[in-house]
Amino acid sequence: MARMEDFRDSAHRLVTTPNLSYRQRLHQLALLAEDALPYPKLSHEAESALESGIVSDLAEGHAPYRPRYTVPDYSVALGGGSEYLEMEPARDLEDAVTNLQILYHNVPSITSYPVYFGDLDALLLPYLDDRDDAALDGLLTRFWRFLDRTIPDAFAHINIGPTDNRIARSVLRVDAALAQVVPNLTLKWDPATTGDDLLEMAARSIAAVNKPHIANHPMISADFPEGYGVVSCYNTLPLGGGSHTLVRLNLKESARAAAGDPGRYLTAVLPEHAALTFEVMEARIRFLVEEAGFYDHHFLVKEGLLDRDRFTAMFGLFGMAEAIEILLEGARYGWDEAANELADRIVETAAHLVGDRELPYCRQGRATLHAQSGIGDDIGVTAGVRVAIGSEPEVLDHVAAIAPHHRVFASGISDIFALDGSARSNPRAIVDVTKGAFAAGMREMTFNVEGCDLVRVTGYMVKLSDIEKWKREGSRVASTVLGAQSVENWGLLGRVPRVISHEDMGRSFTDPVESRLVADRDSLPG
Amino acid sequence: MSRVPQVSSPTRGLVASSLRSSLVDGPGHRHVLFLQGCNFDCLACHNPSTIAVCDDCGVCVAGCPLDALSVSGGRVVFHLDRCDGCDICIRVCPSNSSPMAQETTVEEILEPLRADAPFLSGITVTGGEPTLQVDFLVELFEAIKSDPDLSRLTTLVDTNGTLSPEGWKRLAPVLDGAMVDLKAGNPGLHRTLTGQEMDPVLVSIRWLHGHGLLAEVRLLVVEGVTDTDEELDAWASFVGGVSTSIPVRLMRFRHEGTRPAARAWPETSEEALVRVRDHLAAAGLTQVAV
């Protein structure tokens, strides 16, 4: 009966926490109820791995009844309408924008909001008429306000590019002028079609608002010929699908079982822990597909915006920097050749393990490898396969150390490059570094320029000014709570600019308004 | 104290140091090469150890805690492998020079540049005064322009503008632009601040503009010194007389790196930069950037 009392206590705290909005309380209550259900059946070993933190399910919940990430092909409903929503095909730009707004309201994901708003230029270009730029900017300004005020969650992405077109340019203008947390923004870059002009325009936006994130389109398209969306924290996922789940392996905790013995780690420990990760993934996928039946009943699947066979599952890695220190005493990842080589071998081994393990209901029967960019209460463990905060080498060496990893992380990998404020008067430098990094094999590129109020935390955006305000009176933006936690735990404020972009060890979480309730369970989508 | 670098061949330069990554030395992401030796002796210099050239007096050798300096054949020899960059040698040098400047070949500069080229808009050579080594500059830029992996890089110099038109003429075929410091508006202040006459600088600015090679003219804003109405009016009058659309960049004076005597001046405030920008704009200059 103690558990029932705990449940009531938690529920009571939720409904009385002053800083949570009505919507946030409702969402948290649903999560609490979900976790009152038993976890999908796991072996004792897999349960222990979840318990000890070697494997982390990012608090996705005990009873998955929606995929973690959905990447709907909105063009299906814009062109053909929706029977379920009683929506006619769009005939003009106003129709298209309104219909998208209706669709967003009906798209599930782990955050309870959509994580993908579509490749907006490709979606709207068929309806673009001869209105001038001012009228177009006006329409998108109203659309941007709608998104930020009704879908207050910075994991939700608009994608633009790779072509240079009027909608993409309008998006960049409007987004930089409004400097909103939502939408998050990605520019797909292709040397053949994007052009330096649009990339430089994006660089000027980055200098102002640290958006957009830039994706290496030819490289990602090779992995997802059917199309892809960039969503949440640097996740590249198949269009018309998404990811059933994201379960991550904590390399730091995992490496402890083979401290000082890289050979044994690669041949015995890593495969063993990967197998436990796959087991958790499979149990969650089976529940979602076979018991919750999401793909049998949801209208997005029935009407062709989503297709179960286009869903992957994400196998996440994090804590590489610490794992290397544990396996190779005295080694410095990012700096020493031996350390970087070991990291390469761990990544290659993980990629092989993912390639060898069949998973049910997954695109091509396999998971995809993902460098997971951290959550706010990761303390003492570095995100993904990043170099630890404060020990990053100079930018060109940094790229050389990490670029080799990018090839195998099909479902996304993030490294954030901090630039000092002088980039603001020299955006061409952002273009140069981006092109060099893509030539070196980087999959995605993100910058944080010092002095912007809007900063990128793991992949999502937060306004530094909102965090102070949140401490006093709460925030209508769900992800601000997470950003605040990261700022507290990773010391994002008041540190040298390069550090603002990297997760790091910090002091333990001290929260003025018990947001742990929120952050633990409404965890970053990854 | 010698200020003119002596090297054994035009394909070797006396290089103080280099930077693989800079956002503040011209447009785009740039490689920066600092050459040793300057014919100005500016009070406000941010890299004063690049002014004087080592005269092999040997005082620094005993001062080095890591034995990274020795004397051989009457010359001070620097051993990079033992150096940890503490800069004690510069502090003990009677000329405030650096014995760490290295005679470097063009090929030694090109090799690392090739690896970094995909990340760069170009190379900027500064110093010191780079044009004191004009032979080397010509060799270096010719090599860059004729190397298929490097030829797209732009070549800029950051200069005090004392090179003669004959010198610029030699450099022009392989130079994409010069960023020229014009330290003052009136000759008297120029002499006080730099120890040298202003005329050669004005000649260079005119010549470079006339040949499409003037990338920008820079003014170091030292509050109460270079930003008086009288100074700014004279400065704007000369620059605007050449062309009102010359790109002008205002530089902030900072204490970091400067000699103690310069620190009596305050670091430049944001307000001062804006005021100077507005003053120059009101005087007719159309492209003033902070």
Next on the checklist: Please determine whether any residue of the range B:209-225 is touching a helix residue (DSSP H, G or I) at 6+ places or on another chain (Cβ under 8 Å), within 26 Å of B:THR131 (Cβ to Cβ), within 14 Å of chain A (Cβ to nearest Cβ) and at pLDDT 95 or above.
Outcome noted: no
Checklist entry - Going by the structure shown, is B:THR155 among the hydroxyl-bearing types (Ser, Thr, Tyr) and touching a strand residue (DSSP E or B) at 6+ places or on another chain (Cβ under 9 Å)? => result yes
Checklist entry - Of everything in the range B:108-130 that's part of a helix (DSSP H, G or I), charged (D, E, K, R) and in contact (Cβ under 8 Å) with a residue 24 or more places away in the chain, which residue is nearest to the other protein chains (Cβ to nearest Cβ)? => result B:ASP116
Checklist entry - In the set B:ALA178, B:ALA172, which member is modelled with pLDDT of 95 or more, of a type in the set (A, V, I, L, M) and outside any helix (DSSP H, G or I)? => result B:ALA178
Next on the checklist: Out of everything in the range A:436-475 that is of a type in the set (D, E, K, R) and free of Cβ contacts under 8 Å to residues at least 24 places away in the same chain, what residue ends up being surrounded by the fewest Cβ atoms within 10 Å (Cβ to Cβ)?
Outcome noted: A:ARG472
Checklist outcome for this item: Across (1) outside any loop (DSSP other than H, G, I, E, B); (2) of a type in the set (Asp, Glu); (3) within 14 Å of chain A (Cβ to nearest Cβ), B:ASP149 clears everything bar (1)
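Do you know which of the residues in the range B:262-290 that are in contact with a helix residue (DSSP H, G or I) (Cβ under 6 Å, 6 or more places away or on another chain) and within 14 Å of chain A (Cβ to nearest Cβ) is surrounded by the most Cβ atoms within 10 Å (Cβ to Cβ)?
Selected residue: B:VAL288.
So for the range A:405-415 (the condition being surrounded by fewer than 22 Cβ atoms within 10 Å (Cβ to Cβ) and not small (Gly, Ala, Ser)), does at least one residue qualify?
Yes, the range A:405-415 contains a residue that is surrounded by fewer than 22 Cβ atoms within 10 Å (Cβ to Cβ) and not small (Gly, Ala, Ser).
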Checklist entry - Do you know which residues across the range A:431-471 are in a strand (DSSP E or B), within 14 Å of chain B (Cβ to nearest Cβ) and under 14 Å from A:HIS398 (Cα atoms)? => result A:MET445, A:PHE447
Item to check | Conditions (1) in contact (Cβ under 8 Å) with a residue 40 or more places away in the chain; (2) at positive phi; (3) exposed (fewer than 15 other Cβ atoms within 10 Å of the Cβ): number failed by B:GLN6 | outcome: (2)
Checklist entry - If you take the residues of the range B:16-36 that are at pLDDT 95 or above and more than 14 Å from chain A (Cβ to nearest Cβ), which of them is farthest from B:ASP199 (Cα to Cα)? => result B:LEU33
Checklist entry - Given B:ARG249, B:ARG259, which one is within 14 Å of chain A (Cβ to nearest Cβ) and within 26 Å of B:GLY128 (Cα to Cα)? => result B:ARG249
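Rundown of residues vs (1) under 29 Å from A:PHE318 (Cα atoms); (2) surrounded by 12 or more Cβ atoms within 10 Å (Cβ to Cβ); (3) in contact (Cβ under 8 Å) with a residue 12 or more places away in the chain, yes/no style:
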site: A:GLU5; (1), (2), (3): no, no, no
site: A:ARG8; (1), (2), (3): no, no, no
site: A:ALA11; (1), (2), (3): no, yes, yes
site: A:LEU31; (1), (2), (3): yes, yes, yes
site: A:PRO38; (1), (2), (3): yes, no, yes
site: A:ARG66; (1), (2), (3): yes, yes, yes
Checklist outcome for this item: Pairs returned, first residue in the range A:195-210 that is over 18 Å from A:LEU454 (Cα atoms), second residue that is aromatic (Phe, Trp, Tyr), beta-carbon separation under 9 angstrom, 6 or more apart or interchain, are A:LEU198/A:TRP189; A:LEU199/A:TRP189
Item to check | Odd one out for B:GLY195 among (1) buried (at least 16 other Cβ atoms within 10 Å of the Cβ); (2) in contact (Cβ under 8 Å) with a residue 60 or more places away in the chain; (3) among the small types (Gly, Ala, Ser) | outcome: (1)
Checklist entry - Does the range A:143-156 hold any residues that are surrounded by 19 or more Cβ atoms within 10 Å (Cβ to Cβ) and modelled with pLDDT of 95 or more, and which are they? => result A:PHE143, A:TRP144, A:LEU147
Checklist outcome for this item: Scanning the range A:388-402 residue by residue, those within 9 Å of chain B (Cβ to nearest Cβ) and among the hydrophobic types (A, V, I, L, M, F, W, C) turn out to be A:VAL395, A:LEU396, A:VAL399, A:ALA400
Next on the checklist: Can you pull out every residue in the range A:331-350 that is closer than 23 Å to A:GLY390 by Cβ and outside any loop (DSSP other than H, G, I, E, B)?
Outcome noted: A:GLU337, A:ALA338, A:ALA339, A:ASN340, A:GLU341, A:LEU342, A:ALA343, A:ASP344, A:ILE346, A:VAL347
Checklist entry - For the subset of the range A:403-430 comprising residues that are in a helix (DSSP H, G or I) and within 22 Å of A:CYS233 (Cα to Cα), which member is farthest from the other protein chains (Cβ to nearest Cβ)? => result A:HIS405
Next on the checklist: Condition first: outside any loop (DSSP other than H, G, I, E, B) and in contact (Cβ under 8 Å) with a residue 40 or more places away in the chain. Now tell me which residues in the range B:91-106 satisfy that.
Outcome noted: B:GLN102, B:GLU103, B:THR104, B:THR105, B:VAL106
Checklist entry - Quick one: would you say B:THR104 is within 14 Å of chain A (Cβ to nearest Cβ) and of a type in the set (Ser, Thr, Tyr)? => result no
Checklist outcome for this item: Checked the range A:382-398 for anything among the β-branched types (Val, Ile, Thr) and surrounded by fewer than 22 Cβ atoms within 10 Å (Cβ to Cβ); matches are A:VAL395
Item to check | In the range A:222-260, residue modelled with the lowest pLDDT [restricted to those that are of a type in the set (Phe, Trp, Tyr) and out of contact with any helix residue (DSSP H, G or I) (no Cβ under 6 Å at 6 or more places or on another chain)] | outcome: A:TYR234
Checklist entry - So which residues in the range A:328-339 are within 19 Å of A:SER254 (Cβ to Cβ) and touching a residue at least 40 places away in the same chain (Cβ under 8 Å)? => result A:LEU328, A:GLU329, A:TYR333
Checklist entry - Checking B:GLN133 against (1) within 14 Å of chain A (Cβ to nearest Cβ); (2) touching a strand residue (DSSP E or B) at 6+ places or on another chain (Cβ under 8 Å); (3) of a type outside the set (Ser, Thr, Tyr); (4) assigned to a helix (DSSP H, G or I), which test does it fail? => result (1)
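The values are calculated or read from the model by the stated rules, or taken from the named source; none is laboratory data. Bear in mind that the values here come from a model prediction, so they are computed numbers and not experimental data. No Cβ is skipped: glycine too gets one built from the backbone with ideal geometry, and neighbour counts run over all protein chains shown.
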